[in-house]
Structure formats: C-alpha cells, structure tokens
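The values are calculated or read from the model by the stated rules, or taken from the named source; none is laboratory data. Because the structure is a prediction, the values reported are computed rather than measured. For neighbour counting, all protein chains shown are included, and Cβ atoms are generated from backbone atoms with ideal geometry for every residue, glycine included. Just so you know, the surface numbers come from the protein's heavy atoms only, side chains and all, with ligands and any DNA or RNA stripped out. Shrake-Rupley method; radii C 1.70, N 1.55, O 1.52, S 1.80 Å.
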Amino acid sequence: MVRIRLFFITLAALPGAVCAQPVQDAVQSTAAVTVSSVPPAGTDASAGAPAAAMQTVSGINAVSTAPASAAPAGPSARALRKIRAEQEAEFREDRERTSYEKLLLQGDLEPSEEGKLPFYTQALGRWRPGYGKKLKGQLFEKRGAVYAHMKDWNRAASDLRWAIAANPKALDAAKLLSRIYQLQGKCAKSEHEISRALKLCGKSERAELYYQRALLYGLCFHNNDKAFADFDQAIKTAYPARHASIMRKSFLNRGVLYCLRGNSAEGLADIDEAKIMGGADNRDYMAAQGSCQFMQKAFTAALADYAGYLDPEDASHTPPATNITAEVYGRRGQIELNNGQTDAALADFNKCISIRQAKPDINRPSNENLFDPSDCYFYRAMLYELLDDAAAALQDYDDACDMGNRAACEKRKLVKTPI
C-alpha cells in the first residue's frame with residue numbers, strides 16, 4: 001500500500017498545472033477503490049491484501065478498458081427504398097381516390113342529365129378494386145339512369161346489369177331495368193327483374209314493386225288476374241305516409257279491373273277511395289270512372305266523364321299529352337264509332353295517335369293504367385274499312401300489329417290488299 005501511495009504522490013508532484021487536477025482526481029478515485037477493498041476488522045489483513053490489490057487493479061482495468069456501448073444499426077438502403085416506394089404508392093392512391101370522389105361529386109351536382117355523363121364515365125375509369133364493388137355498382141347505376149333519361153335503352157340496360165352484378169340488392173337499378181325491358185317489349189325479362197327484386201327487398205319497398213309488376217302483368221302480359229292480385233298486394237303492403245301515390249294509383253287501377261270483371265260497384269268504390277286520398281288532378285278520377293262505365297257499356301255516363309276530362313270548365317287547362325289522355329280519346333272514339341259518328345271518331349283517333357307520335361315512350365303500354373295505345377290504330381283501321389279505304393286500313397293494322405296488338409295481326413290477314 002505504501003508503494004502505491006508513493007507512486008501517486010510522485011505523479012502529483014510532476015510539474016504542469018494543467019495535468020495536476022486530472023491526476024489528483026485519478027488518485028482520489030483509485031484511493032476510493034483501495035479503501036473499499038480493505039478487509040473488515042477482525043480479519044487477516046495479509047490474507048486480504050493480495051485480494052484487495054487484485055480487486056483494485058481489476059477495478060482500474062475495468063474502468064479503463066470497458067468498450068463503449070454500440071449505437072443501434074439503422075435500416076439498410078434496400079429497406080429505405082422499400083419504405084419510400086410504399087409511401088409513394090399510398091400517396092398516389094390517396095390522390096387518385098380524391099380525384100375519383102371529386103368527379104363523382106361533380107356528376108351528382110351537375111344540373112343537367114346529359115352533363116352528368118362525362119363525370120360518371122371518367123369516375124368509372126378511375127375506379128380501383130380497393131374502392132369496393134358496391135361503389136362501382138352505384139356508379140354504373142347512376143350512369144345507367146342518365147342513359148335511360150336520354151332514351152339510350154341499350155346502354156342504359158347494359159350499365160344497370162353491371163350495377164346489379166356488383167350489388168344484387170340494388171333495387172332502384174332492378175326497377176329501372178325492368179321498365180326498360182318493358183318498353184323494349186321484353187316482358188319475360190322485365191318480370192324476372194321485378195320478381196327477383198321482390199324476393200330481396202324489405203317490407204318498406206314491396207308496395208312500389210308490387211304496383212310496378214301489376215302494371216307489367218296488365219299491360220305486357222294482358223293477365224288481368226295477376227295484375228289484380230298485385231294491385232291488391234300493393235295496397236296491403238303500402239305505408240300511407242310513404243306510399244300515398246302508390247296507394248292512390250293502385251286503387252284507381254284495381255277499380256278499373258273490378259269494372260272489367262263486371263263488378264262496377266267495387267270498381268267505383270275503389271275509384272272513390274283514390275279520390276278521397278287526393279294528391280292528383282281531379283280529371284284522373286273522371287278518366288278512371290269513364291273507363292269503368294265504358295267497360296260496363298254505360299256509354300252515356302262514360303261520355304260525360306270523358307267530356308269532363310277533355311273539356312274542363314277552365315278552357316285554359318288543356319289535357320296533358322299523357323297515356324291517360326290518349327286512352328280517353330281512344331275510348332271516346334270507340335263509343336262514337338259504335339254510334340255511327342265517324343267524323344267525331346276519326347278526329348278522336350287522330351288525337352290519340354298524335355299523342356303516341358309525340359310521346360314514343362307510350363308506344364307500348366307502360367305507365368299508370370291499362371290502356372293499350374295500339375287500340376287507337378286498331379279502331380281507326382276499322383273505321384277506314386267502313387269508309388272503304390283499304391290502303392289506310394292496312395297501314396293502321398300493320399302499325400298496331402307491330403306494337404303487339406294480336407287482334408290487329410289477325411285482322412290484317414283478312415283485309416284485301418288494294419290493287
């Protein structure tokens with residue numbers, strides 16, 4: 001121990017103020033180690049000395065030779081490139097989705113139907129699988145509705161089929177596709193779509209679907225029994241607050257079918273029920289009552305109702321160019337033809353047909369009631385036969401036959417072609 005102390009004293013005595021303080025600190029640190037190594041009282045000091053010296057030396061060596069702790073290794077260049085590529089891909093996807101959503105919103109906000117088309121088409125081009133098939137189906141449904149508005153039936157039907165394939169529960173797409181098939185005369189396909197939608201829909205959607213299928217059965221299949229059953233279901237499943245219009249039109253049409261079955265009392269009661277519900281022009285009820293009276297061959301009463309519809313007290317309130325107006329002109333023309341009033345009948349048939357020509361959508365019966373516009377051609381052809389105008393009669397029979405009027409197709413075979 002004396003040697004060690006003398007050694008440290010010698011070091012402390014070396015010249016140089018700069019080195020004195022570090023050496024002194026080292027001496028104190030080493031002395032502390034030495035003191036801590038002294039064996040406690042009552043033990044053999046000589047035995048503990050070598051051990052203490054060893055501990056001192058080992059302590060000094062431990063302090064001076066311990067390696068510095070290594071810093072954690074960072075990611076490799078390859079890992080960094082991978083991380084950067086993933087971040088860039090995520091950024092591009094976010095940017096593309098933002099652009100996609102912007103196009104979709106612009107299409108929704110565009111006031112004109114034709115103006116929506118380019119936005120929806122561009123949005124479809126930017127759709128990615130990560131956005132989900134349901135979203136893609138909604139886009140096809142939106143664009144299909146635009147094509148339908150533009151009366152581009154083939155493109156509309158194609159888009160709506162895509163929409164249904166992406167989301168089989170897209171009820172609005174199914175209803176619109178069914179209507180398009182009906183307008184195209186594809187009755188079986190129309191029934192398939194509306195019946196499929198009925199199986200998938202909730203209770204709140206059934207009334208409208210039953211009503212649409214009832215019109216289909218009556219107008220496309222001429223199956224009044226099925227039409228009656230579906231009008232009945234539409235009334236039973238309708239929620240008055242939500243489906244007031246569906247209930248009213250179902251009562252009107254079921255009333256007409258009651259009359260067609262010979263039950264005019266029930267028919268007129270249904271028409272009165274629809275009238276109580278309100279929400280429509282009073283002339284609609286007069287047209288339905290006239291049809292009921294017409295079917296019961298109460299032609300005088302029917303003429304009065306038709307006159308109230310076509311010639312309202314307010315002369316400025318002219319009847320609209322709708323399927324109902326065409327029906328009123330057509331059926332009044334039939335009564336006039338039956339009464340021998342050929343000039344009046346011809347005038348009414350001409351008005352019925354002019355509505356048909358101005359409104360191609362009613363070429364095939366598809367809306368609101370059970371009147372077939374081809375009847376106007378059919379009965380005008382009969383009128384032309386009475387007037388010995390075989391060429392005009394043949395032309396009208398051909399037109400009616402092309403519209404699906406089977407009676408006209410049969411009558412066409414019986415008319416002699418003029419030389």
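Using only the C-alpha atoms, the convex hull of the range 114-230 corresponds to 96 Å³ per residue. Placing a label point 7 Å from the Cα of residue 150 along the Cα-to-Cβ direction, the residues of the range 109-132 whose backbone N falls under 11 Å from that point are 113-121. Within straight-line reach of residue 134, meaning a Cα separation under 23 Å, sit the following lysines at least 8 residues removed in sequence or on another chain: 102, 116, 142, 169, 175, 199, 203.
For residue 411, no lysines have a Cα falling under 21 Å of its own Cα, not counting residues fewer than eight places away in the same chain. Multiplying the residue separation of residue 128 and residue 282 by 0.36 nm and subtracting their alpha-carbon distance yields 50.3 nm.
Residues 236, 151, sorted by accessible area with the largest first, give 236, 151 [1.4 Å probe; ligands and nucleic acids excluded].
Each residue, residue 386 and residue 358, gets one label point 7 Å from its Cα in the Cβ direction; the gap between the two is 2.6 nm.
How high is the FRET efficiency from residue 189 to residue 85, r the C-beta distance, R0 30 Å, rounded to 0.05? Once the sixth-power term is evaluated, E becomes 0.05. Counting only protein heavy atoms and a 1.4 Å probe, the range 100-219 has 48 square angstrom of accessible area per residue. Taking label points 7 Å from Cα along the Cα-to-Cβ direction, residue 78 and residue 398 give a separation of 8.0 nm. In this simple spin-label model, placing a label point 7 Å from the Cα along the Cα-to-Cβ direction at both residue 261 and residue 196 gives a separation of 3.2 nm.
Here the calculated FRET efficiency for residue 121 and residue 318, from their Cβ-Cβ distance with R0 = 45 Å, stands at 0.65, rounded to the nearest 0.05. Relative intensity of the range 161-235 on a log10 scale, I(q)/I(0) at q = 0.17, 0.18, 0.26, 0.28 Å⁻¹, equals -0.57, -0.63, -1.20, -1.32, per a Debye sum over C-alpha point scatterers of equal strength in the absence of solvent. Surface listing: 237, 300 arranged by accessible area from highest to lowest gives 300, 237, probe 1.4 Å. Figure note: 260, 183 ranked by solvent-accessible area, largest first, 1.4 Å probe, ligands and nucleic acids not counted: 260, 183. The heavy atoms of residue 379 offer some 60 square angstrom of accessible surface to a 1.4 angstrom probe. Please state the Cα pair-distance histogram of the range 199-304 with 5 angstrom bins from zero: what percent is in each bin? All Cα pairs, binned at 5 Å, distribute as 3, 14, 23, 23, 20, 10, 5, 1, 1, 0 percent. Extension gain, residue 298-residue 112: 0.36 nm per intervening residue step, less the Cα-Cα distance, totals 62.3 nm.
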